[in-house]
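Single-structure report; data block below.
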């Protein structure tokens, strides 16, 4: 070690020591400075916090002084360049990971775009629900099915399930509501054509009630066709199924919340009702037996 | 060809007149709607003489009793029995009383979650059996007359097959017994939709969902046209009163106990066991041939809930030689509430029962 290095090490050490002493002094309670002061004063206003602060500073002092000991200072100064290159390496890894994630999202968006291109523009109205459902099930549903960990894993799992089921139900109910709207759309088209025909034949009614009756008759006919169709039954069934699943998942979450409130849950009450029912059946049966025995 | 001339003046004149008429109607309607309206149902006096759990038995006593056997009326679990006593002049119960027939009517009450385990057997061999025995004991008679409406009629059929010795005569009205038909939307939906799951997640089958389902059977008429008609006539007090009464009745629906609903869907709608005499209650088979008492079976030609094909097979499967099918040109509810059929329906039942009064 050269004289300059030794001087540098000595100065660095002294500087570190004086800096630590300064913080330590400020962290220590000061006594008797003010003749009128009857109480101990502290740097942070709390003795406990001062103790914590003091011990933290001591730990830091210990680590840093280790770096600047005469035996270590050489290595510290030489390796300082390596610290920055290590930081750059870490940053590079993080950036690559972010870029990778971004790439995956872009690929997902491309897949979504390709999914919707598969259907023609004419069918976008009724097929949009199938499209959305396919996109959701392939691209987004997986995030709600990631296994949960930790003490609260079951609660989190039930919340994820409830959100997933809600999304599925939203799609179904939207499709169902759209189906109920379709007869109105068709009625408007047919009604317009019929009125046009009547106008061309010179049959113009002055009574708006006639037009209303005509419109409602056409609407009723379209609804009857819709209600008897296989597609309607399938959509209705799907809506019922998804609603039932969502309701159950939602109730599971509510039951978790209810645990903190002193009220019984439906599940607990059902068990009680079942017991009461079975008891009543037993009593009725016994009453019948007793009656038949006493009548004999 | 020249396009016909659209008389714009006439159209504008019609619009102006319609607006004037609407204004007058709305003004009068506000007076009608804010005035006292007689919209109460079931005004015929009765006495509650029996109670078991949620079930009540109503007793209607005529001024003069002219029948040996009283009539027990069993309504469906859907909607309320008050429909049989809608208003003066449209009351099946009052018609029976005027003829001197004592009437008992079961009030099924409003099931709660507590009742979700109650089965069809509990209704038929439990509540109905106890009530029949109660009436027989009260009158000191071996048999009574039985009348069922819709699902209540199905219960009556089951009871009569299991206990024929206690029934003098059986009347079924708009009663589904054959479910192997696609004529009614309900029959299609109950086979293809999993409504039992829906009922299970609610505890019982919720009345609100059932009401919504019934409205979906004909949304154009039941959700739109009906209220347009109300708007057009809401300045007429009598119309408003009748309309409100029907609204009160139609949306006064109890839930259906889950186990009963489940079994009815499964064994009746899906497996059609009743008409095949393969239905079992508490392990005992319901054999339709055991129905040996006189039977009259009413159904509606335009009934969209219980189409004729679902109701007109019963008389072919029972063991009785005294059977009659009566098809009325009306719908499911019109049989009871239509002013036209008031003279055709209840009086005919009363006469038929009188002929078999022993």
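Quick note: the coordinates plus some simple rules give every number you see, no bench work behind them. Keep in mind that what you see is a predicted model, and the values were worked out from it rather than measured. All Cβ positions, glycine included, derive from the backbone under ideal geometry; neighbour counts span all protein chains shown.
I need the calculated FRET efficiency for the pair residue A:230 and residue A:19, taking r as the beta carbon distance and R₀ as 60 Å, to the nearest 0.05.
Calculated value: 0.15.
Partner shielding of A:198-204 amounts to 3, given as the average count of beta-carbon atoms from other chains within 10 Å of each residue beta-carbon.
Per 0.36 nm of contour for each residue apart, how much would the distance between residue A:140 and residue A:48 grow if the chain were fully extended, relative to their Cα-Cα spacing?
Roughly 28.2 nm would be gained on extension.
Under the 0.36 nm per residue contour assumption, what length would be gained going from the current alpha-carbon distance of residue B:351 and residue B:247 to full extension? Provide the component values of the computation, followed by the final result.
Values: separation 104, 0.36 × 104 = 37.44 nm, distance 3.15 nm.
Gain on extension, residue B:351 to residue B:247, equals 34.3 nm.
When both bridge partners sit in the stretch B:47-355, DSSP labels roughly 40% of those beta bridges antiparallel.
Between residue B:215 and residue A:213, the distance separating the two model label sites (each 7 Å from Cα on the Cα→Cβ line) works out to 2.7 nm. Of all beta bridges that DSSP places with both ends in the protein assembly as shown, some 40 percent have antiparallel geometry. Relative to the longest principal axis of the Cα atoms of chain B, the long axis of helix B:129-139 lies at roughly 80 degrees. Maximal additional length on extending the residue B:21-residue B:231 stretch stands at 74.4 nm, based on 0.36 nm per residue less the C-alpha distance. Overall size of the protein assembly as shown from C-alpha positions, given as principal axis extents largest first: 134, 97, 59 Å. Computed from Cα atoms, the angle from the helix B:207-216 axis to the main principal axis of chain B rounds to 60 degrees.
Label sites at residue B:34 and residue A:184, each approximated as a point 7 angstrom past Cα along Cα to Cβ, lie 3.2 nm apart. What the Cα atoms of the stretch B:156-268 give is an Rg and a Dmax of 18.0, 54 Å.
Can you classify the stretch B:47-355 as rounded, prolate or oblate using the Cα gyration tensor, where a ≥ b ≥ c are the square roots of its eigenvalues, rounded means a/c under 1.5, and otherwise it's prolate if a/b beats b/c and oblate if not? In terms of gyration-tensor shape, rounded.
Packing-based ranking of B:318-327, A:198-207, A:238-247 yields A:238-247, B:318-327, A:198-207, ordered from highest to lowest mean Cβ neighbour count within 10 Å.
Sequence-distant contacts, meaning Cα pairs under 8 Å at least 6 residues apart, place the relative contact order of chain B at 21 percent. Rounded to the nearest 10 degrees, the inclination of helix B:151-162 to the longest alpha-carbon principal axis of chain B is 10 degrees. Report summary: the helix-based calculation at 222 nm, which adds -39500 (n - 2.57) for every DSSP H run with n ≥ 4 and divides by the residues of chain B, gives -10500 deg cm²/dmol. P(r) tail, the stretch B:5-73: Cα-Cα pairs separated by more than 20 Å, 65% of all pairs.
Counting Cβ atoms of other protein chains within 10 Å of each residue's Cβ and taking the mean over peptide B:216-225 gives 5. Ranking of A:256, B:85 by neighbouring Cβ atoms within 10 Å, starting from the fewest: A:256, B:85.
Averaged over peptide B:198-208, the number of partner chain Cβ atoms lying within 10 Å of each residue's Cβ comes to 2. Pair-distance distribution of the stretch B:284-324: all C-alpha pairs, bin width 10 Å, starting at 0; shares per bin in whole percent are 30, 44, 26, 1.
Within the stretch B:23-169, antiparallel bridges make up roughly 55 percent of the DSSP beta bridges whose residues both belong there. Each of the peptides B:116-129, A:181-194 was scored by the mean count of other Cβ atoms within 10 Å over its residues; in descending order, highest first, they stand as B:116-129, A:181-194.
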